[in-house]
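Each remark here refers to the structure printed beneath this line.
The values are calculated or read from the model by the stated rules, or taken from the named source; none is laboratory data. Note that the structure is a prediction, hence the values are computed from the model and not measured. Quick reminder, even Gly has a Cβ in these numbers, built from the backbone with ideal geometry, and neighbours come from all protein chains shown. Protein only, heavy atoms only, side chains kept; ligands, DNA and RNA dropped before computing areas. Shrake-Rupley method; radii C 1.70, N 1.55, O 1.52, S 1.80 Å.
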Amino acid sequence: MSQINRQLVLASRPQGAVTPDNFKLVETPLAPLADGELRVRNHFLSLDPYMRGRMNDSKSYAAPQPLNEVMIGGTVGEVVESKNPKFAVGDKVVAMFGWQEYGTSNGAGVQKVDDTHVPLSAYLGPVGMPGVTGWYGLNRIIAPKAGDTVVVSAASGAVGSVVGQLAKLAGARAVGIAGGADKCRYVVETLGFDACIDYKGGNLYQDLKAATPDGVDGYFENVGGDVLDATLARMNPFGRIAVCGFIAGYDGQPVPLKHPSLILTQRLLVQGFIVSEHMDVWPEALKQLGTLVAQKKLQYRETIAQGLDAAPDAFIGLLKGKNFGKQLVKLI
Ligand SMILES: NC(=O)c1ccc[n+]([C@@H]2O[C@H](COP(=O)([O-])OP(=O)(O)OC[C@H]3O[C@@H](n4cnc5c(N)ncnc54)[C@H](OP(=O)(O)O)[C@@H]3O)[C@@H](O)[C@H]2O)c1
């Protein structure tokens, strides 16, 4: 085992778009374990849009990422050393060790997972935080009935892909919105959505209208901006909007809503949510999602960057839509 831990820390806060200079690679010697501790070799690091918000020093639902500390992030890996009786060498675990090759912990926040039927990396995607996010917003806010039309933006991504497939399983019509013909083809042909609109195609509202002939009953919002405006204009009375993310504004200026009065005239329920505030649903959601993935009834796709050094560029790409499915970094 290496005696050095390679880590990426936040070196500076972005002024506008994130740049590679905002991160710094440091090498730290691994200290011997104390009693009760365990050491994990991280196999995959999860890159997620929320990390962009943490890089700012501004008011939000969570504290900012401190400068010169290891960037926050979900990880999966294998226990390589243990002085904790609850963990044995070889155990596979999911944790929040962040952008580094090794994690050391007293066991708090480290969960053992079984990778016999579900690949380890899926615990950072459909059977992890993004999957539960889709599950929560769909089931607890949109609550689709058979025959409803559910629209989801960033439809080919980690969260959006789960939302549409669960909506289909609930008997709804699922319509995705995604960037580009390749992503849209995947959303329909592989994920099984009824339709997908390419918002870069230049005809967003008309294309969405054609794909939602009965209007929209539920909208799972990941993006904001023009995509939100277009979908809002298609909402049926008493429709439900689960506000999950506004990624179009994370790396620049937030895009204002053009017609907020539609919320009133269509009597819409608009509910924002943060998945980590609903830990009570995680066991039920993860059980369902894990079963669906093991049975291959829930499809997903990953974009995998190789090595810790590749993480900054992969993260910058995620904020520009370069990822196709769940963005991961393979660390081993
Ligand atoms: N509320 C919560 O608790 C919670 C938890 C997890 C995630 N989220 C949110 O859920 C959303 C999706 O997250 P994810 O992890 O599933 O990411 P993802 O969809 O796997 O990746 C991000 C996708 O967003 C789209 N995108 C990026 N920049 C964009 C832009 N400027 N305009 C429009 N679309 C853009 C791209 O897809 P296209 O190429 O299709 O545009 C990109 O592939 C994000 O808004 C995230 O913040 C919220």
Determine if the range 304-326 includes at least one residue that is loosely packed, with under 14 Cβ neighbours inside 10 Å, in the same structural domain as Gly224 (by TED's automatic domain parsing) and among the polar types (S, T, N, Q).
-> no
Could you grab the pairs with beta carbons closer than 9 Å, sequence gap of 6+ or different chains, first residue in the range 243-265 and farther than 19 Å from Gly218 by Cα and assigned by TED's automatic domain parsing to the domain that holds Ala233, second one part of a loop (DSSP other than H, G, I, E, B) and modelled with pLDDT under 90?
-> Ala248/Pro254; Ala248/Val255; Gly249/Val255
Number of the exception - Asn222 against (1) open to solvent by less than 10 Å² (accessible area, probe 1.4 Å); (2) within 16 Å of the ligand (Cβ to nearest atom); (3) touching a Pro at 6+ places or on another chain (Cβ under 9 Å) = (1)
Search result, residues across the range 25-37 that are in contact (Cβ under 8 Å) with a residue 24 or more places away in the chain, touching a Lys or Arg at 6+ places or on another chain (Cβ under 7 Å) and not in a loop (DSSP other than H, G, I, E, B) | Leu25
Answer residue from the range 182-219, given it is more than 12 Å from the ligand (Cβ to nearest atom) and in a strand (DSSP E or B) and is nearest to Gly252 (Cα to Cα) among those = Tyr219
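One line per residue, one yes/no per condition, for (1) farther than 17 Å from Ile332 by Cα; (2) more than 19 Å from the chain's Cα centre (by Cα); (3) within 16 Å of the ligand (Cβ to nearest atom); (4) of a type in the set (D, E, K, R):
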| site | (1), (2), (3), (4) |
| --- | --- |
| Met1 | no, yes, no, no |
| Leu10 | yes, yes, no, no |
| Gln15 | yes, yes, no, no |
| Ala34 | yes, yes, no, no |
| Ser46 | no, no, yes, no |
| Met55 | yes, no, yes, no |
| Ser60 | yes, no, yes, no |
Breaking point among (1) within 19 Å of the chain's Cα centre (by Cα); (2) surrounded by fewer than 17 Cβ atoms within 10 Å (Cβ to Cβ); (3) not small (Gly, Ala, Ser), for Pro237 = (1)
Out of (1) touching a residue at least 24 places away in the same chain (Cβ under 8 Å); (2) within 16 Å of the ligand (Cβ to nearest atom), the one Asn42 does not meet is (2)
Set Gly137, Gly74, Gly98: member being assigned by TED's automatic domain parsing to the domain that holds Ala155 and surrounded by 16 or more Cβ atoms within 10 Å (Cβ to Cβ) = Gly137
Go through the range 230-273 residue by residue and tally those that are assigned to a strand (DSSP E or B), within 15 Å of the ligand (Cβ to nearest atom) and of a type outside the set (Val, Ile, Thr).
-> 3
